[in-house]
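Notes for the one structure printed next.
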Amino acid sequence: MKKKSAKLTRFIEDLHKFIVNHPQFRNNPEGKSEVHIQTEIRPIIIQYLEKHFKQEGYKDHLGKAHESFYWEGQEGILGKQRAETLSSMIVSLPNS
């Protein structure tokens with residue numbers, strides 16, 4: 001996706017709506033650590049990405065979703081391929 005494109009804006013807005021309307025989304029994170037909140041929200045984001053890539057016509061939409069989403073400190077093969085960053089999460093979006 002191109003930066004500041006209508007498609008990117010729609011993607012971000014739809015992701016936000018999906019997260020805040022998801023039944024597992026915690027509305028009051030008071031008293032929870034950042035790591036705990038990240039652990040809870042990660043599956044919600046992955047679920048959205050799986051749906052998104054399926055709608056975009058990817059043959060392996062599940063693999064693409066997991067490959068495209070990286071959380072700082074993530075372990076495993078996908079986590080080790082990426083350079084360290086200062087942000088708490090990076091969502092890499094495909095160019096389209």
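The values are calculated or read from the model by the stated rules, or taken from the named source; none is laboratory data. Predicted model, so just to flag it, every value in this text is computed and none were measured. Note that we place each Cβ from the backbone using ideal geometry, even for glycine, and neighbour counts take in every protein chain shown.
Here are a few things to note about the model shown:
- The stretch 13-44 - residue that is surrounded by 12 or more Cβ atoms within 10 Å (Cβ to Cβ), of a type in the set (A, V, I, L, M) and modelled with pLDDT of 85 or more and, of those, nearest to L62 (Cα to Cα): I44
- Restricted to the stretch 1-51, and to residues there that are of a type in the set (A, V, I, L, M, F, W, C) and touching a Leu at 6+ places or on another chain (Cβ under 8 Å), the residue that is nearest to S68 (Cα to Cα) is I45.
- Of residues in the stretch 45-79 being surrounded by fewer than 13 Cβ atoms within 10 Å (Cβ to Cβ) and of a type in the set (G, A, S), the one modelled with the lowest pLDDT: G79
- Test result for K7, in contact (Cβ under 8 Å) with a residue 40 or more places away in the chain and of a type in the set (D, E, K, R): yes
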